[in-house]
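The values are calculated or read from the model by the stated rules, or taken from the named source; none is laboratory data. Since the structure is predicted, the reported quantities are computational estimates derived from the model, not experimental observations. For neighbour counting, all protein chains shown are included, and Cβ atoms are generated from backbone atoms with ideal geometry for every residue, glycine included.
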C-alpha cells in the first residue's frame, strides 16, 4: 500500500504588491507553520521518500523547511512546473509516473488542485465537515489502494488532515 501526503504550501505574504502570484514568499506565520508541520511529520514517522512540489516561491520555502525538519536529501525533491496551480487531472498524471517502489510521496501544491484531489480520491465518509478542507500548511495523509501507475482509478483512505493551528505553538520560526 502506498501513502500520499498532500501538503498545501504555508501562508504567503501579500506585503509586496509588485510581486506576481508565483513569486510571493512565505509570511512570518507561514514560516512558523511549515516548521510546525515538518516537526509533526517527523514525530509521526511520516518520512516521504519523494517530494514533488510546485516551484512557486512559497511552495519552495515550505518544502525547504519541511526538508530541514525531516532531514530529507535534496535529491529526493522534484520541482515540477506542472504542479503550480494544477488541476486534479494534472496532479494525478504526475503521480502516475512515480516509481512503484516509492512507498511515501509528498505532493506540495496549491489550494484548488489539492482539495479537488482529496474529494476525488477519498471516500465521502472519510471527508471531515469543514468548509476549509485543506488550509495553508495543512497536510492530508492518504493510503492508496493500488499502484502509482493506476492512481487515476484508485480510491484512497483519508487517514487524517492535520492543520498547524491544531498543533503545539512552540515551534521555532526559521528565516
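Taking the numbered list (1) in contact (Cβ under 8 Å) with a residue 60 or more places away in the chain; (2) more than 20 Å from residue 51 (Cβ to Cβ); (3) in a helix (DSSP H, G or I) in turn, residue 152 passes all entries but (3). I'm trying to understand the selection: among the residues of the stretch 128-161, which are modelled with pLDDT under 90, touching a strand residue (DSSP E or B) at 6+ places or on another chain (Cβ under 7 Å), surrounded by fewer than 18 Cβ atoms within 10 Å (Cβ to Cβ) and closer than 20 Å to residue 2 by Cβ? Within the stretch 128-161, 145 is the sole residue that qualifies.
Which fully enclosed strands (runs of 3 or more DSSP E) of the stretch 1-87 have 1 or more residues being buried (at least 22 other Cβ atoms within 10 Å of the Cβ)? Outline the logic, then answer.
Values: elements: 2-8, 50-53, 77-79.
Here the list reads 2-8, 50-53.
Suppose we filter the stretch 90-112 for residues that are in contact (Cβ under 8 Å) with a residue 60 or more places away in the chain and surrounded by fewer than 18 Cβ atoms within 10 Å (Cβ to Cβ); how many remain? Of the residues in the stretch 90-112, 4 are in contact (Cβ under 8 Å) with a residue 60 or more places away in the chain and surrounded by fewer than 18 Cβ atoms within 10 Å (Cβ to Cβ).
So, in the stretch 162-171, exactly how many residues are modelled with pLDDT of 90 or more and more than 16 Å from the chain's Cα centre (by Cα)?
So the count comes out to 0.
Just one of (1) within 20 Å of residue 115 (Cβ to Cβ); (2) out of contact with any strand residue (DSSP E or B) (no Cβ under 8 Å at 6 or more places or on another chain) fails for residue 14. It is (1). For residue 135, state whether it is without any contact (Cβ under 8 Å) to a residue 24 or more places away in the chain and part of a loop (DSSP other than H, G, I, E, B). Answer is no for this residue. Which of the residues belonging to the stretch 88-132 are farther than 22 Å from residue 49 by Cβ and assigned to a loop (DSSP other than H, G, I, E, B)? Listed by number, the residues that qualify are 110, 123, 127, 128, 129, 130, 131, 132. Checked across the stretch 84-94, the condition of being modelled with pLDDT of 95 or more and closer than 16 Å to residue 46 by Cβ holds for no residue.
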